Amino acid sequence: MRIAALIVAAGRGTRAASPGGGPKQYAIIGGKSVLARTMAAFAGHPGIDEVKVVIHADDRELYEQSAADGRAAKLTEPAIGGPTRQASVLRGLEALAASPPDIVLIHDAARPFVSGKTISNVIAALNDKPGALAALAVTDTLKRASEGIVTETVARAGLWRAQTPQGFHFLPILAAHRKAAENGVDTFTDDASIAEWAGLDVAIVEDSNSNIKITTAEDLEVVDRQLSLTLEPRIGSGFDVHRFCDGDHVWLGGIKIPHTHKLEGHSDADVVLHALTDALLGAIGDGDIGQHFPPSDPKWKGAASILFLEDAVRRVRERGGRIGNVDITVLAEAPRVGPHRDAMQALIGGALGLSADRVGIKATTTEQMGFTGRREGIAAMATAMVFIPTE
Ligand code: MG
């Protein structure tokens, strides 16, 4: 039996503008986007064979970033959504129909905390029913009101709050969605309603309170704070040296600086970026720059070292980590670093997603002692603070 998860992420999320101003499903909570967490919840479930996301046409780049963070193994090409949630789901189902699964679980991207148990329970309920949805029994007393005055207390017995995932046998829910679209019925707010409308039985699966839907900017703040409490600080250090050879410039911190010599190396020999890359790798215990980019590999000949740094950043983010700050010291008699500090901070900050006040760049001579003092080469050391989720 093949089971696909269809994650609906095409909304504009206007109620919860994320800090970057983008749609809420791409907001970062605890170092990872909401969508990346939702994808990982399904991709990490052993019963799920395929994960497809329905995205807005404008969000391709945001989606790719989340996909890189969300265990890409089971991901297939995203579908592009339509003007309403219902239209977006239909487009996703049509995309899956090319090689139809037996079962589809339709889920809102804004519910990143769905548990493996809920996913398993919805799948199990589909053994003898064509549809099943995760839901919570209503426990609050319900009031109907008019103009701010209670007019009635509504009996809550038998009432449930519909959540997602909502699972269905694939062909019947595809047929129901197509029929609704053909009939111009486009006001359904969930897929269980479409199944009911089409006459399919839908079973209730009791969900847990943790499967919240992130709706407002306040929700985003609250979950980000909670997740950040479980981040563990890690520290890493890096050191690098390159010797001088004939030339007229050096690369330091990604900046080309005129000089009487250049630095010898397989790549651009940027000691600052090499030390910093090693500091990040050290903080997550993931080897070193020479292991990931062996000097013996001709592919890296003359490479711009920012590539190495970006790879280390990717490795931190893959673990759900965030970088707190970095601090660098250059050891050289010359050239002077001061005039280039702002440019280095901007370039490194850009690669790390850090403001300039989180990128320390300092320089010292070694009082004409030792190899740097004799102007045989340049050394750099770096420290990086990284926060990694403990979950
Ligand atoms: Mg090096």
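The values are calculated or read from the model by the stated rules, or taken from the named source; none is laboratory data. All of these numbers come straight from a predicted model, not from anything done at the bench. When we count neighbours, we look across all protein chains shown, and the Cβ atoms used for this are built from the backbone with ideal geometry, even at glycine. In case anyone asks, the SASA skips ligands and DNA or RNA and just uses the protein heavy atoms, side chains included. Shrake-Rupley method; radii C 1.70, N 1.55, O 1.52, S 1.80 Å.
Below are the figures for this structure:
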read-out: Matching option when the condition is part of a loop (DSSP other than H, G, I, E, B) and either assigned by TED's automatic domain parsing to the domain that holds L93 or away from the ligand (no atom under 16 Å from the Cβ) (or both), among I235, I194, I212, I204; value: I212
read-out: Near pairs, Cβ below 9 angstrom, 6+ apart or cross-chain, from the range 134-161 (of a type in the set (F, W, Y)) to any residue that is open to solvent by 70 Å² or more (accessible area, probe 1.4 Å); value: W160/I204; W160/E206
read-out: Scope the range 42-71; condition among the hydrophobic types (A, V, I, L, M, F, W, C), crowded, with 16+ Cβ neighbours inside 10 Å and without any contact (Cβ under 8 Å) to a residue 60 or more places away in the chain; matching residues; value: A43, V51, V53, V54, I55, L62, A67
read-out: Check on P298, closer than 21 Å to R336 by Cα and either away from the ligand (no atom under 14 Å from the Cβ) or in contact (Cβ under 8 Å) with a residue 24 or more places away in the chain (or both); value: no
read-out: Verdict on T372 being over 23 Å from the mean Cα position of the chain (by Cα), part of a helix (DSSP H, G or I) and among the β-branched types (V, I, T); value: yes
read-out: Condition met for D270 (among the charged types (D, E, K, R) and touching a Lys or Arg at 6+ places or on another chain (Cβ under 9 Å)); value: no
read-out: Qualifying residue in the range 248-271 (condition: within 10 Å of the ligand (Cβ to nearest atom), buried (at least 23 other Cβ atoms within 10 Å of the Cβ) and part of a helix (DSSP H, G or I)); value: yes
read-out: Positions within the range 317-359 being open to solvent by 20 Å² or more (accessible area, probe 1.4 Å), closer than 30 Å to G373 by Cα and of a type in the set (G, A, S), in sequence order; value: A334, G338, A343, A346, A356
read-out: Subset of the range 280-315 [over 15 Å from G349 (Cα atoms) and in a helix (DSSP H, G or I)]; value: L281, G282, A283, I289, G290, Q291, H292, P298, K299, W300, R315
read-out: Residue in the range 272-281 that is open to solvent by less than 20 Å² (accessible area, probe 1.4 Å), more than 14 Å from the ligand (Cβ to nearest atom) and in the same structural domain as T329 (by TED's automatic domain parsing) present; value: yes
read-out: Whichever residue in the range 238-247 is more than 10 Å from the ligand (Cβ to nearest atom) and of a type outside the set (K, R) and, among such residues, is farthest from the chain's Cα centre (by Cα); value: D246
read-out: Residue under evaluation T164, criteria (1) more than 36 Å from the chain's Cα centre (by Cα); (2) open to solvent by less than 10 Å² (accessible area, probe 1.4 Å), criterion not met; value: (1)
